[in-house]
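Peer 1: Mind looking over this structure? Questions follow.
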Amino acid sequence: MLHVFNSKSNQLELFEPHHQTKVSMYVCGPTVYNYSHIGNVRVPVFYDVVRRYLEYSGFEVDYVSNITDIDDKIIATAQKMGIDETAVAGMFADAYLQDVAKLGSEIPTIIRVTDVITDIVEYIENLVNTGYAYAVDGDVYFRVNKIEEYGQISGQKIDQLIAGSRIEESDKKEHPLDFTLWKATDNGVNWDSPWSKGRPGWHTECVVMIDKHFQESIDIHGGGMDLKFPHHENEAAQNYACHHKPLAKYWMHNGFIEMNDEKMSKSVGNIILAREAIAEYSGRAVRIWILGSHYRQPLQFSEEALLSSQKNIERLQTGYESAYTILQLANRGIAEHITSPEVQALLDEFEAAMDDDFNTGNALSALYELNKQLNVLLRSREADLQLVSEYTRAFFVIDQVLGLHVTHNESWSPEVFQLVADWKQAREDKDFELADQLRNQLLAQGVRVR
């Protein structure tokens, strides 16, 4: 049974969603003021696998993420580039989604902040009218002291949070931890509100999206470890104020991608752009590298690790295509069911890893062992085709969950069968130059012969 580490309770918990067959999941997305670096894309890779495994386990998943398309950093970039904020946000949002797709992740339902401005204003109005927020000189702040549950996500009390965290300072605030819901400004794009022309605060954007889309408490709220406080703490506080219940049942936070033991960050300048890493190593190599470590642990970037990931992808691709070629030549497909104890044991090992808080590193170990056993089987003189087809089925199933895109289940076209027949004939005729040309044509279509 699936267990998830809940940041709120700081322990593993049995996964029991609000509804028996459905899971609601919201994951914080990027602020699009620049191209995404490789540290930014751990989130869309990992939570894509979470969604895939939940669907594999029989759940219907409603997965939503946001794009923050208005922010001071976006405005600063627009002014520097001499174009408007909408163009900047659109350009970098498109680039981010392209990176996500190249990494093999399906795009979740995307909500942009500029699509919900009216909803944000109404949400803040409700908080003001019920005494949970207050306006000062056109700005609006949230009253943290009115929420008894404040500090539950980060596991700290209010006095600890004041002493140990960076907080937004202002003489206008009643309490140091009070945070901005609405900011009065005439710099950059702004909207009318009952308090001033301005823009929403970051912490209100996500909670309003959740409220509008799901209209109830959600099952999973995810994001990077750095969002635990203040962002997620402040989201949860607003939901308690509006609905007097938790925003999410399970809070999940992934670790950072680091370079030289330091968090990768645009502000520090120690970044590798995701698009550059994808071009250099491939999206699949970056994906398998990210999944090779447990999501809660920090992940060190190195060229050696990415090159090793490239080789791992190539080994998996070769193993699967070799098995699939044998099955196609024998006019057989991959098995519908698994009856072999050794193959089922590997699939059980994979599921056990994923049930243990989505341990993708151990799940990959099961896949590597499967590939190893399959290659041993293929090297035997008379390979058991039924066993080959069952290994191939397990390979296909695991790949569909991890999203590595090294497998497929399409029968060869008549043209491919003809190329294989021509390759065999060239080999028999000892026309090795022609055989090599035909093999290269087959490789170009993903078919490996040997």
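The values are calculated or read from the model by the stated rules, or taken from the named source; none is laboratory data. Predicted, not measured: the structure shown is a model, and the values here were computed from it. So basically every Cβ, Gly included, is an ideal-geometry build from the backbone, and we count neighbours across all protein chains shown.
Peer 1: How many of the residues making up the range 310-337 are part of a helix (DSSP H, G or I) and either in contact (Cβ under 8 Å) with a residue 40 or more places away in the chain or among the aromatic types (Phe, Trp, Tyr) (or both)?
Peer 2: Number satisfying all stated conditions: 17.
Yes or no, residue by residue, for (1) in the same structural domain as Lys263 (by TED's automatic domain parsing); (2) over 23 Å from Trp289 (Cβ atoms); (3) within 19 Å of the chain's Cα centre (by Cα); (4) assigned to a strand (DSSP E or B):
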{"site": "Glu13", "(1), (2), (3), (4)": "yes, yes, no, yes"}
{"site": "Glu16", "(1), (2), (3), (4)": "yes, yes, no, no"}
{"site": "Gly29", "(1), (2), (3), (4)": "yes, no, yes, no"}
{"site": "Tyr47", "(1), (2), (3), (4)": "yes, no, yes, no"}
{"site": "Glu55", "(1), (2), (3), (4)": "yes, yes, yes, no"}
{"site": "Asn66", "(1), (2), (3), (4)": "yes, yes, yes, yes"}
{"site": "Ile75", "(1), (2), (3), (4)": "yes, yes, no, no"}
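Peer 1: Only one of Ala383, Ala345, Ala353, Ala394 is outside any helix (DSSP H, G or I) and of a type outside the set (Asp, Glu). Can you tell me which?
Peer 2: Ala383
Peer 1: Quickly run through the range 119-137 and pick out the residues that are assigned to a helix (DSSP H, G or I) and of a type in the set (S, T, N, Q).
Peer 2: Within the range 119-137, Asn126, Asn129 meet the criteria.
Peer 1: Residue by residue through the range 118-138, note down the ones that are within 13 Å of Lys183 (Cβ to Cβ) and more than 36 Å from the chain's Cα centre (by Cα).
Peer 2: Ala135, Val136, Asp137, Gly138
Peer 1: Quick test for you: out of Leu307, Leu377, pick the one residue that is farther than 15 Å from Asp399 by Cα, assigned to a helix (DSSP H, G or I) and either modelled with pLDDT under 95 or more than 23 Å from the chain's Cα centre (by Cα) (or both).
Peer 2: The unique qualifying residue is Leu377.
Peer 1: Report, by residue number, each residue of the range 399-434 that is at pLDDT 85 or above, more than 41 Å from the chain's Cα centre (by Cα) and small (Gly, Ala, Ser).
Peer 2: Ala426
Peer 1: List every residue pair whose Cβ atoms sit under 7 Å apart, with the two residues 6 or more apart in sequence or on different chains, where the first one lies in the range 419-442 and is within 14 Å of Thr325 (Cβ to Cβ) and in contact (Cβ under 8 Å) with a residue 24 or more places away in the chain and the second, anywhere, is assigned to a helix (DSSP H, G or I) and of a type in the set (Phe, Trp, Tyr).
Peer 2: Close Cβ pairs (under 7 Å, with a partner that is assigned to a helix (DSSP H, G or I) and of a type in the set (Phe, Trp, Tyr)) amount to Leu442/Trp423.
Peer 1: Cβ-Cβ below 9 Å, separation at least six or inter-chain, first residue in the range 407-418 and farther than 17 Å from Tyr391 by Cα and part of a loop (DSSP other than H, G, I, E, B), second of a type in the set (Val, Ile, Thr) and modelled with pLDDT of 85 or more: which pairs?
Peer 2: Hits for this filter: Trp412/Thr325.
Peer 1: Sort out which residues of the range 204-244 are without any contact (Cβ under 8 Å) to a residue 60 or more places away in the chain and in contact with a helix residue (DSSP H, G or I) (Cβ under 7 Å, 6 or more places away or on another chain), and write them in order of number.
Peer 2: Correct list: Glu235, Asn239.
Peer 1: Still on this model: Which residues, taken from the range 99-118, are part of a loop (DSSP other than H, G, I, E, B) and crowded, with 16+ Cβ neighbours inside 10 Å?
Peer 2: Leu103, Gly104, Ser105, Pro108, Val116
Peer 1: Count, please, the residues in the range 281-304 that happen to be in a helix (DSSP H, G or I), charged (D, E, K, R) and more than 21 Å from Phe396 (Cα to Cα).
Peer 2: 2
Peer 1: Restricting to the range 352-368, name every residue that is more than 19 Å from the chain's Cα centre (by Cα) and within 14 Å of Leu402 (Cβ to Cβ).
Peer 2: Result: Ser365, Ala366, Leu367, Tyr368.
Peer 1: Now, a different point. Assuming Val45 fulfils every condition listed in (1) buried (at least 23 other Cβ atoms within 10 Å of the Cβ); (2) without any contact (Cβ under 8 Å) to a residue 12 or more places away in the chain apart from one, which condition is it?
Peer 2: Among (1) buried (at least 23 other Cβ atoms within 10 Å of the Cβ); (2) without any contact (Cβ under 8 Å) to a residue 12 or more places away in the chain, the lone unmet condition for Val45 is (2).
Peer 1: How about the range 56-67: which of its residues are in contact with a strand residue (DSSP E or B) (Cβ under 7 Å, 6 or more places away or on another chain) and closer than 14 Å to Met1 by Cα?
Peer 2: The answer is Phe59, and nothing else.
Peer 1: Please verify whether Lys173 is among the basic types (Lys, Arg), part of a strand (DSSP E or B) and in contact (Cβ under 8 Å) with a residue 24 or more places away in the chain, treating the condition exactly as stated.
Peer 2: no
Peer 1: To continue, here is another question. Give the residues of the range 243-280 that are surrounded by fewer than 20 Cβ atoms within 10 Å (Cβ to Cβ) and in a helix (DSSP H, G or I), sorted by residue number.
Peer 2: Within the range 243-280, His243, Arg275, Glu276, Ala279, Glu280 qualify.
Peer 1: Something else now. Please go through the range 419-450 and pick out each residue that is of a type in the set (D, E, K, R) and assigned to a helix (DSSP H, G or I).
Peer 2: Asp422, Lys424, Arg427, Glu428, Glu433, Asp436, Arg439, listed by residue number.
Peer 1: Assess whether Lys102 counts as being among the charged types (D, E, K, R), touching a Gly at 6+ places or on another chain (Cβ under 6 Å) and over 22 Å from Thr180 (Cα atoms).
Peer 2: yes
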